[in-house]
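Please read the structure below before turning to the comments.
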Amino acid sequence: MSLPKEPRQKMINVMYLVLTALLALNVSSEILNAFKTVNNSLLSSNLAIDHKNEAIAKSFEELAKDPASKEKAVIWKPKAEKAHQLAEDVTKYLEGLKQELKKASKLVVDKDGKEHFSLDNLDAATHLLVEGPVGTKNGKELFQKLSDFKAQLLQIDPAIQQQFGTNLPLDLAIPETESKVGKGDWAYSYFHMTPSIAAITILSKFQNDVKNSEAQVADFCHQQVGKVKFVFDQFQAIASQSSEYLMPGQELKITGGVGAFSSAAKPLVTIDGAVVALNAQGVAEYKTTVGGPGSYSKKVVIKFKTPDGKDGQKDAEIKYTVGSPTGASVSADATKVFYIGLNNPISVSGGTKGDEATQASIDNGTLTKTAAGKYDVTVTGGTEANITVTVDGKSTPFKFRVKPIPEPVAMVGRSKGGRIPANEFKAQQGLRADLENFIFEGVKFSVSSYSVIAVGKGFTENIGLAQNVGAAFGAETRRIIDKAGAGTTITFDDIKAVGPDGRTRTLPPIPFNLY
């Protein structure tokens, strides 16, 4: 284009060229917001993996104390700790780079501690990780640290090398690019002219890969100890109670254990969802002072190891009655708790008097008679409800606690996350939310939505991301799952589930490591 001689027209043309260049460099707010969403989901996934790794570390502490598992725990616990230390060092290094990127992008921290920086800054990542002596050093240093981490992780033990040599989530292949400039340069491919929020998301993705790699190795080490054989050497009754009929203020004692168990695999006993400690004989003893008149039940769940080392579970229901001077009684057919949003069935008795001479009322909720001596109770809030039974003009109050329905657990198939064979994972059709060890049967939660994030093998160039409506895997989610394989990590995040009470719950993220 020939430039005009007239000065004003020259200025207009120059301004047009500058504007065109600025538009070419502009990154849309939609893209920036998409990177923010992916980064936040990766951070949530990282926290979930941290919790899992902490649980494995605590389990190792217990295994190292137990005589039956101590020998193997002493061998494999340090290997899992080595994996954690390697991952911790790299994760801190990556976090430092993220902070440097934010500072180079005009980082400001407000009075609430919230960070603000230029999300669309195209120079910070380039200068820090690609260009110039310092930038080149950092880019090469990042690649070297990730490469060293992967190599050192596999070198912890030959069995780890054999198991994960080709399928660790951390893939350092150079992304494919149409541009010939910088082709073959790892740091250039990832960070050249990359907006700050995108570069930070890439670093969060590498943190996720590192943590997932640690989780898979730690879980593998834990499994080697978990293969200990158990010898059943102690015996005790499943569950018993001190009395089936008591008066107000008397003590009820419940004893729970398994018929035959190993001192190397002591049972986990819960009563109404609360864990009860074991005594020296490996038996759980629960004591409580009974309250007002009525018929009550306690749900006892005993989890234990079978002779072949597999998980076993026994459920028992302990029923007892507390007497009343008037002979009246009210029993919750499920438990001594009313759950918000459910039809809580109860039985009402007037003692020696018939149903026609017995009246019942409630001070918080609705009481609906369904048959002689049978009622459904519905409550919408509060922490307590009192049912008053009147027989021949004499009234007896019965106190019940009011609670929300417990939080469900998100699951795919039978798994709540962790390592899972790729073929088994791909055979699943959706996500569900289940209540575990809940006293009511058949209480359903419906999954309304969730996000899907895939990293690792198959997603080294672009993170797999989908928003799923409903429980069943949608077309975009299914596309991601079909593309996944051994070495892929898929995380379900921002899981929304609606219960019978109409409340929408946000469930914790669950990551799956495919192998």
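The values are calculated or read from the model by the stated rules, or taken from the named source; none is laboratory data. All values derive from a computational prediction rather than experimental measurement. Neighbour counts are summed over all protein chains in view; Cβ atoms, including those assigned to glycine, are modelled from backbone coordinates with ideal geometry.
Does residue 480 satisfy the criteria of being within 25 Å of residue 217 (Cα to Cα) and at pLDDT 90 or above? For residue 480, the condition - within 25 Å of residue 217 (Cα to Cα) and at pLDDT 90 or above - is met.
For every residue, the table says whether it meets (1) in the same structural domain as residue 169 (by TED's automatic domain parsing); (2) over 35 Å from the mean Cα position of the chain (by Cα); (3) not aliphatic (A, V, I, L, M).
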site: 350; (1), (2), (3): no, yes, yes
site: 359; (1), (2), (3): no, yes, yes
site: 363; (1), (2), (3): no, yes, yes
site: 367; (1), (2), (3): no, yes, no
site: 379; (1), (2), (3): no, no, no
site: 390; (1), (2), (3): no, yes, yes
site: 397; (1), (2), (3): no, yes, yes
site: 417; (1), (2), (3): no, no, yes
site: 424; (1), (2), (3): no, no, yes
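The condition (being over 25 Å from residue 502 (Cα atoms) and touching a helix residue (DSSP H, G or I) at 6+ places or on another chain (Cβ under 8 Å)) is satisfied by just one residue among 413, 393, 418: 418. Restricting the stretch 359-378 to residues that are among the hydroxyl-bearing types (Ser, Thr, Tyr) and within 22 Å of residue 392 (Cβ to Cβ) leaves a set whose member that is surrounded by the fewest Cβ atoms within 10 Å (Cβ to Cβ) is 361.
Whether any residue in the stretch 187-194 is at pLDDT below 80, hydrophobic (A, V, I, L, M, F, W, C) and in a loop (DSSP other than H, G, I, E, B) is what I want to check. There is no residue in the stretch 187-194 that is at pLDDT below 80, hydrophobic (A, V, I, L, M, F, W, C) and in a loop (DSSP other than H, G, I, E, B). Can you name the condition, by its number, that residue 482 falls short on among (1) surrounded by 16 or more Cβ atoms within 10 Å (Cβ to Cβ); (2) touching a residue at least 24 places away in the same chain (Cβ under 8 Å)? In the conditions (1) surrounded by 16 or more Cβ atoms within 10 Å (Cβ to Cβ); (2) touching a residue at least 24 places away in the same chain (Cβ under 8 Å), residue 482 misses (1) alone.
Looking across the stretch 474-494, the residues that are at negative phi and touching a helix residue (DSSP H, G or I) at 6+ places or on another chain (Cβ under 8 Å) come down to 481, 482, 484, 485, 486, 488, 489, 490, 491, 493. Residues of the stretch 40-82 that are among the aliphatic types (A, V, I, L, M), closer than 30 Å to residue 197 by Cβ and buried (at least 18 other Cβ atoms within 10 Å of the Cβ): 42, 48, 49.
A quick yes/no check of all residues on (1) assigned to a loop (DSSP other than H, G, I, E, B); (2) modelled with pLDDT of 85 or more:
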| position | (1), (2) |
| --- | --- |
| 135 | no, no |
| 139 | no, no |
| 142 | no, yes |
| 149 | no, yes |
| 160 | no, yes |
| 168 | yes, no |
| 179 | yes, no |
| 184 | yes, no |
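Contact map, the stretch 413-438: first residue polar (S, T, N, Q), second residue assigned to a loop (DSSP other than H, G, I, E, B), Cβ cut-off under 6 Å, separation 6 or more or different chains; pairs are 428/413. Of all residues being charged (D, E, K, R) and in a helix (DSSP H, G or I) in the stretch 86-119, which is surrounded by the fewest Cβ atoms within 10 Å (Cβ to Cβ)? Just the residue, please. Within the stretch 86-119, the match that is surrounded by the fewest Cβ atoms within 10 Å (Cβ to Cβ) is 92. Taken as a whole, the stretch 466-475 holds no residue that is within 30 Å of residue 316 (Cβ to Cβ), modelled with pLDDT of 90 or more and outside the structural domain of residue 53 (by TED's automatic domain parsing).
Please go through the stretch 54-74 and give me each residue that is assigned to a helix (DSSP H, G or I) and touching a residue at least 40 places away in the same chain (Cβ under 8 Å), ordered by number. Answer for the stretch 54-74, where residues must be assigned to a helix (DSSP H, G or I) and touching a residue at least 40 places away in the same chain (Cβ under 8 Å): 56, 57, 59, 60, 63, 67, 68, 69, 72, 73. Consider the stretch 393-440 and keep the residues that are among the polar types (S, T, N, Q) and not in a loop (DSSP other than H, G, I, E, B). The one that is farthest from residue 379 (Cα to Cα) is 423.
Residue check: residue 491 meets all listed conditions (1) more than 25 Å from residue 51 (Cβ to Cβ); (2) buried (at least 21 other Cβ atoms within 10 Å of the Cβ) but one, namely (1).
Name the single residue, out of those in the stretch 460-474 being farther than 30 Å from residue 189 by Cα and not in a strand (DSSP E or B), that is farthest from the chain's Cα centre (by Cα). Ranking the candidates gives 474 first.
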